[in-house]
1. Considering only residues that are without any contact (Cβ under 8 Å) to a residue 24 or more places away in the chain and over 16 Å from residue 129 (Cα atoms), look in the range 208-228 and name the one that is surrounded by the fewest Cβ atoms within 10 Å (Cβ to Cβ).
2. Within the range 301-332, restricting attention to residues that are near ligand 10 (Cβ under 10 Å from one of its atoms) and part of a loop (DSSP other than H, G, I, E, B), which residue is surrounded by the most Cβ atoms within 10 Å (Cβ to Cβ)?
3. Among the residues of the range 281-300, is any over 19 Å from residue 365 (Cα atoms), surrounded by 15 or more Cβ atoms within 10 Å (Cβ to Cβ) and modelled with pLDDT under 95?
4. On the given criteria, is residue 128 away from ligand 7 (no atom under 16 Å from the Cβ), over 13 Å from residue 91 (Cβ atoms), assigned to a helix (DSSP H, G or I) and under 27 Å from the mean Cα position of the chain (by Cα)?
5. Within the range 229-236, is there a residue that is surrounded by 19 or more Cβ atoms within 10 Å (Cβ to Cβ) and within 11 Å of residue 309 (Cα to Cα)?
6. May I ask you to verify whether residue 185 is at pLDDT 95 or above, out of contact with any helix residue (DSSP H, G or I) (no Cβ under 6 Å at 6 or more places or on another chain) and in the same structural domain as residue 119 (by TED's automatic domain parsing)?
Ligand code: HEC
Ligand code: HEC
Ligand code: HEC
Ligand code: HEC
Ligand code: HEC
Ligand code: HEC
Ligand code: HEC
Ligand code: HEC
Ligand code: HEC
Ligand code: HEC
């Protein structure tokens, strides 16, 4: 028995050595990103590659959820203080409230029993970074910095709660699970996690993230893309994007997280900006105005006329024209009696000027006009 486990350990540490070397470039990037974000102006050259810290930072994927650079430079939006993750070399070992007296035993021991999980995890950002041997921590912290100290679990692996586990059927409560991740990822995009609808409904970080298997190119996601992650629970919303008119999300050019922060926000429903309209202006800046002649419902809320997730009407409209306009505008007072019941597309004598683009034939600048003679949005 003893001989076998020694042999196992030797075999594993050999495998780890190779894996560590192969994967070290990932870890180096991660560490430099962590270092880079605390001092982004630092452009020292790293001796091996000739690349500066900021070159490397630029090559890293942008997963800046709450506040991208555009937001930071936007005078209309309050800036968000994005805080960097706790670097791997400062990794604390979280306390497991269900095994408060356990001690850390080191990754090699975990790996001796969890060879398969270890093999998959070796390709992931976190474990690979630990393997790269961040100063102070070393590869030994690779498992317990998330799973907590393992001495009691190793003695009695089947005792529920002996180790911090991240699945819904595990004994570890969701807030302890999230607490582990927040131990290194507090603040920034997650400053409103506590009290957010996802937190309130008992979601854990690991409903959307899986740091044990590399499934997505970035973001340590539980599925291969952001939209697939959201679709696991919000199938109805994802399905609306299959309607005739939709923004290019199914085409892979947008993600739910362009408008929503799944980690929580102060704007319902989890919007990244303070109002619906501000969210739209981040991409449709020309709709912000200011206009000489404003159309009141546009200024109030884009959703008066548009269904963001998708619509079977043209251009994401909530109702077909002229009905859309007639929800608010009556037939009376219109020049030439254009809008009489008889003249409508559905009336006995349809007026051809109302067919096709309908009201938009004449009122073409429906979002507002800057033309001195455009108070009725004709120009
Ligand atoms: C002596 C072998 C052994 C060692 C050492 C060991 N484990 Fe386990 N571990 C197991 C077994 C067996 C199970 C399955 C228990 C079960 O199904 O009830 C398990 C289960 C787990 C689970 C899931 C627990 C749950 O409640 O769902 C996690 C997470 C885990 N181990 C992590 C670790 C980590 C991290 C270490 C190192 C600190 C470690 N293990 C060390 C044998 C071991
Ligand atoms: C960044 C945090 C993190 C690190 C580091 C980490 N794990 Fe995990 N581990 C998780 C999460 C989260 C899950 C749950 C994954 C899921 O949703 O299925 C998990 C799942 C597991 C499971 C399966 C438990 C189950 O319920 O099926 C085992 C076993 C395990 N980890 C062992 C390890 C070992 C061994 C290491 C070190 C090589 C390690 N983990 C490193 C976060 C981590
Ligand atoms: C020991 C500290 C530590 C713990 C614990 C930890 N992380 Fe990380 N995590 C990091 C560092 C460092 C990075 C890389 C630097 C960065 O992206 O900010 C990172 C990166 C990430 C990323 C971004 C990946 C990318 O592509 O940019 C996600 C997502 C993430 N971690 C999720 C989690 C989740 C979920 C947990 C809990 C299961 C967790 N982390 C636990 C330190 C930690
Ligand atoms: C409802 C799904 C969901 C939940 C729950 C969730 N995340 Fe995320 N998270 C995402 C998505 C989607 C991204 C975007 C990834 C990208 O842009 O590549 C992300 C990005 C991140 C990032 C990298 C970007 C950044 O802001 O630095 C970190 C770190 C992170 N999440 C940590 C966490 C932690 C910690 C928790 C638990 C407190 C958590 N997440 C809960 C979906 C979720
Ligand atoms: C594990 C399941 C799950 C996943 C995955 C998930 N959500 Fe949710 N989400 C929920 C639940 C549950 C609610 C609450 C629904 C309710 O109360 O009607 C919710 C609510 C929401 C809301 C409405 C908030 C409000 O204030 O009404 C938004 C927006 C949202 N989620 C966006 C996302 C996005 C974006 C993603 C992907 C990054 C995502 N969700 C992934 C379960 C999930
Ligand atoms: C272009 C911005 C944008 C994109 C992209 C987007 N949403 Fe939304 N979402 C909104 C706005 C704005 C609302 C508010 C709608 C309302 O109040 O009627 C909303 C509302 C929601 C709600 C709660 C209200 C409802 O309709 O049930 C959920 C859940 C939601 N979105 C999930 C998602 C998911 C999942 C995705 C990705 C498949 C996604 N959203 C993509 C802007 C967006
Ligand atoms: C992340 C960027 C982004 C955000 C935020 C965004 N949009 Fe879009 N929107 C797009 C793109 C890209 C298109 C497609 C443009 C094209 O095909 O020329 C589009 C197209 C549209 C269209 C035309 C659809 C069609 O069928 O022609 C409407 C209407 C629209 N968006 C409304 C909104 C509203 C309302 C909001 C705010 C709730 C919003 N958008 C937020 C990127 C965005
Ligand atoms: C009073 C109803 C109404 C409101 C409110 C409204 N729109 Fe529109 N929008 C329309 C109509 C009608 C069209 C179709 C125009 C066409 O086919 O020429 C349209 C088309 C669009 C388009 C695609 C064509 C283009 O002009 O680029 C975008 C993008 C768009 N709207 C964004 C927005 C945004 C962003 C808001 C909020 C600031 C908003 N809309 C508010 C009625 C409205
Ligand atoms: C949600 C209600 C609403 C919808 C839908 C709506 N409008 Fe309006 N519209 C208003 C309001 C409110 C005003 C401002 C009235 C005022 O200032 O007296 C206005 C103003 C106008 C004006 C200028 C009127 C004037 O006297 O200066 C025109 C023209 C107009 N709308 C056309 C349209 C057309 C065309 C549509 C359909 C594409 C439409 N509206 C959809 C609410 C709406
Ligand atoms: C053939 C061109 C044309 C079409 C089509 C048209 N309008 Fe007009 N509309 C006008 C003109 C011209 C005015 C008066 C402009 C002025 O007085 O300066 C006007 C004025 C208005 C006004 C402001 C006067 C009032 O009644 O309060 C509203 C609102 C309006 N139109 C809504 C609509 C709606 C809704 C439709 C579609 C059902 C529509 N229009 C279709 C040409 C048109």
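The values are calculated or read from the model by the stated rules, or taken from the named source; none is laboratory data. Fair warning: this is a prediction, and the values are worked out from it, not measured in the lab. As a convention, Cβ positions derive from the backbone with ideal geometry for all residues, glycine included, and neighbour counts pool all protein chains shown.
1. If we take residues in the range 208-228 being without any contact (Cβ under 8 Å) to a residue 24 or more places away in the chain and over 16 Å from residue 129 (Cα atoms), then 224 is surrounded by the fewest Cβ atoms within 10 Å (Cβ to Cβ).
2. 321
3. Looking for residues that are over 19 Å from residue 365 (Cα atoms), surrounded by 15 or more Cβ atoms within 10 Å (Cβ to Cβ) and modelled with pLDDT under 95, one finds at least one in the range 281-300, hence yes.
4. Numbers: away from ligand 7 (no atom under 16 Å from the Cβ): yes; over 13 Å from residue 91 (Cβ atoms): yes; assigned to a helix (DSSP H, G or I): yes; under 27 Å from the mean Cα position of the chain (by Cα): yes.
Against the criterion (away from ligand 7 (no atom under 16 Å from the Cβ), over 13 Å from residue 91 (Cβ atoms), assigned to a helix (DSSP H, G or I) and under 27 Å from the mean Cα position of the chain (by Cα)), residue 128 qualifies.
5. The answer is no, given that none of the residues of the range 229-236 is surrounded by 19 or more Cβ atoms within 10 Å (Cβ to Cβ) and within 11 Å of residue 309 (Cα to Cα).
6. Here the answer is no, as residue 185 does not meet what is asked.
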